[in-house]
Amino acid sequence: MKDVFEVWPGLRSVFPDGDVLFVSDQQYVVDLMAARGLPSEHLAEISEPPGSVVLVGCDYTSLGPREALHDLFAASRVLWVPLVSFDPHPEAAAYSLGLLLASDLEASTKGNRDWTSVLRRARRPLSVSSDRTSLTFRVVRDDIVVVTRLQPLLDVGEFVSVAEYFEVDIDSSLDVGTGGDDRADTEADDRTGTGTGSASYTADGTFWADGLCVARHPQLDFDAPVLRRAREIAARVAEAGGMLVRVEDCRIVSAVCGDTDWAQDLARCAGESGARLVEFSFGTNHAILDTLDWSVNSQINEGAGGVHIGVGDGVSGAHIDFVLPAARVALAAA
């Protein structure tokens, strides 16, 4: 068995002692991790959890109640990888694992600190741009809640989603009364969005999304019609090479891929919040930019630099992220 930091150098800042066990509720993921040289074990075989754990979740039934997971790992440091909310199948799992092993969590958390500082001090709009993107984003409240991970090191008892390491999200859930900051919750930590709209920011303009990611909460069955349809649209976008989206007052008004405007379809897939934006996040995982595959529905894709913009709450409908990895963000001209 290799030293874990030889396989994943970017993990050193999270678990500096190096005594890390990779755990999953599915044997094919255990085998994938072991084949990479990582110390791996099936969740059902864990009786005395080690101090540091990377937990890769694939099926809510075999994972069991989240309270039981938290109790089991109460004395551990846990980095939670929720494949279950996106695509837990073997090929997607192998792809996501490959992206994780290429990720630098220390560098991404430094990016998180930089973005958090910018957002909390921003008094001018931010300009989001690329060859086919011209979008204006403005923070409109002083008391915004920024959901992210600012330091890589995990403390004993922490149970943290890997997504927090790769994005800075201005949380809209507190604004609309649908929950709060549940970052140590394996369900909320799947980062599928919980709000129905934002009073924290405004967004207007046009953007080009290289790809889409589709996620769900446990309450929404993996094969629910809205999820199947959202994944079908995401597959078309991947095949076409992108989607051109128009936003007015934080609402998607057009979403063109090929010769079709998918805006109404996407709004139906998104459930109760429809076409209204529920997430505007800044990606900080620049280490994976050259290895992205938009045909795979992976959570790791969405934090790959640039920004990603989400609709849907993941409960009444799909949570759909539009990912703009090449977008440049700067303060708009005064």
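The values are calculated or read from the model by the stated rules, or taken from the named source; none is laboratory data. Keep in mind that this is a model prediction, so the values were computed, not measured. Counting neighbours? That spans all protein chains shown, and the Cβs are built from the backbone with ideal geometry, glycine included. Just the protein is used for accessible areas: all its heavy atoms, side chains included, with ligands, DNA and RNA removed. Shrake-Rupley method; radii C 1.70, N 1.55, O 1.52, S 1.80 Å.
Structural remarks
- Distant-in-sequence amide contacts of Ser52, defined by a placed amide H-H separation under 5 Å and a gap of 5 or more residues or a different chain, comprise Leu21, Arg77.
- For the pair Val156 and Glu48 in one chain, pulling the backbone fully straight at 0.36 nm per residue adds 37.4 nm over the alpha carbon distance.
- Computed about its Cα centre, the charge dipole of segment 59-167 is approximately 760 debye, with only Lys, Arg, Asp and Glu carrying charge at their Cβ.
- Calculated FRET efficiency for the pair Ala333/Phe222, C-beta based, R₀ 45 Å, to 0.05: 0.50
- Simple point charges give the picture: +1 on the Cβ of Lys and Arg, -1 on the Cβ of Asp and Glu, and for segment 191-308 a dipole about the Cα centre of about 260 debye.
- The Cα atoms of segment 218-286 give a gyration tensor whose axes a ≥ b ≥ c have a/c under 1.5, which makes the shape rounded.
- The GluC sites (Glu not before Pro) found in segment 41-99 include none that occupy coil by DSSP while having at most 11 further C-beta atoms within 10 Å.
- Kyte-Doolittle mean at least 0.0, axial Cα span of 20 Å or more - DSSP H helices of the chain: none
- Note on the chain: with charges restricted to the Cβ of Lys and Arg (+1) and Asp and Glu (-1), its dipole about the Cα centre is near 1220 debye.
- Cα→Cβ-extended label distance, 7 Å offset, between Thr291 and Gln264, nm: 4.2
- Dipole of the chain, positive direction: furthest Cα of Ile320, Ile309, Ser24, with charges on the beta-carbon: Ile309
- Sequentially through segment 253-258, phi angles give Karplus couplings (6.51, -1.76, 1.60; θ = phi - 60°) of 10, 8, 8, 9, 9, x Hz, Gly and Pro residues having no value and appearing as x.
- The modelled label-to-label distance for the pair Asp143/Ala68, using points 7 Å beyond Cα in the direction of Cβ, is 4.0 nm.
- Computed 3J(HN,Hα) for segment 64-81, one whole-Hz value per residue from the Karplus formula 6.51 cos²θ - 1.76 cosθ + 1.60 where θ = phi - 60°, is x, x, 5, 4, 5, 5, 5, 5, 4, 9, 4, 9, 10, 9, 10, 9, 9, 10, glycine and proline marked x.
- Cut-off 19 Å (backbone N to label point 7 Å along Cα→Cβ of Ala94), residues of segment 279-301: 291-301
- Dipole of the chain, positive end: most advanced residue of Thr260, Pro9, Thr202 [Cβ charges, Cα centre]: Thr202
- Surface composition of the chain: carbon and sulfur make up 48 percent of the accessible area, probe 1.4 Å.
- Computing percent of Cα pairs over 28 Å apart directly from the structure and comparing it against [x] 56; [y] 47; [z] 36 singles out [z].
- Å² per residue, accessible surface of the chain at 1.4 Å: 40
- Length gained when the stretch Asp249-Asp19 is fully extended (0.36 nm per residue, less Cα-Cα span): 77.9 nm
- Whole-Hz couplings from phi, Karplus 6.51/-1.76/1.60, listed for segment 11-22; x for Gly and Pro: 8, 4, 6, 8, 10, x, 6, x, 8, 10, 10, 9
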